[in-house]
Amino acid sequence: MTENPKCVERLRNTLKEPSDPNSYDRSLGSHFDKAKGFFYTKSPNDNWQIDHFGTGGQLIRYDFNSQLSVAYVCDGMKIWQHIWVKTEQKR
C-alpha cells in the first residue's frame with residue numbers, strides 16, 4: 001500500500017484542532033473538546049493532542065507536533081481504576 005502524502009496532510013489538518021470545543025457529552029456527563037468522534041487534550045507545550053478512549057480504560061493518543069502516538073492497552077480486568085468508568089460501590 002502506498003501512502004498518499006496529500007491525503008495524509010489533509011487528514012492531519014482536518015483533525016488538528018477540535019471543531020466542537022467545550023461541548024457537553026451526555027454519555028460522560030461533562031464538557032470536552034471534541035471533533036469527529038475524538039477527544040482533544042492540550043499538552044504541556046500548549047498544542048492539541050487527539051485521544052480516543054477504549055473499553056476498560058484503554059487509551060490512544062496522538063501528538064500532531066511531535067507525530068508521536070501512545071497506546072495504553074489493558075485487559076479490562078481493572079476498569080474501576082479508570083476516571084471515566086463508574087462501578088458499583090463494594091460493600
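The rows are residues; the columns are (1) more than 14 Å from the chain's Cα centre (by Cα); (2) more than 17 Å from residue 67 (Cβ to Cβ).
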{"site": "5", "(1), (2)": "yes, no"}
{"site": "9", "(1), (2)": "yes, no"}
{"site": "24", "(1), (2)": "yes, yes"}
{"site": "30", "(1), (2)": "yes, yes"}
{"site": "33", "(1), (2)": "no, yes"}
{"site": "37", "(1), (2)": "no, yes"}
{"site": "40", "(1), (2)": "no, no"}
{"site": "48", "(1), (2)": "no, no"}
{"site": "54", "(1), (2)": "no, yes"}
Restricting the stretch 11-56 to residues that are closer than 25 Å to residue 74 by Cα and assigned to a helix (DSSP H, G or I), the residue that is modelled with the lowest pLDDT:
56
I'm trying to understand the selection: among the residues of the stretch 46-69, which are farther than 20 Å from residue 14 by Cα and loosely packed, with under 13 Cβ neighbours inside 10 Å?
55
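Does residue 79 fit the bill of being at pLDDT below 75, of a type in the set (A, V, I, L, M) and within 15 Å of the chain's Cα centre (by Cα)?
Spelling it out, it is not the case that residue 79 is at pLDDT below 75, of a type in the set (A, V, I, L, M) and within 15 Å of the chain's Cα centre (by Cα).
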Residue in the stretch 1-10 that is hydroxyl-bearing (Ser, Thr, Tyr), surrounded by fewer than 13 Cβ atoms within 10 Å (Cβ to Cβ) and not in a loop (DSSP other than H, G, I, E, B) present:
no
Consider residue 70 carefully, then state whether it is β-branched (Val, Ile, Thr) and at pLDDT below 85.
no
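The values are calculated or read from the model by the stated rules, or taken from the named source; none is laboratory data. Computed from a predicted model, the values in this text were never measured in an experiment. Here the Cβ is made from the backbone with ideal geometry for all residues, glycine too, and neighbour counts use every protein chain on show.
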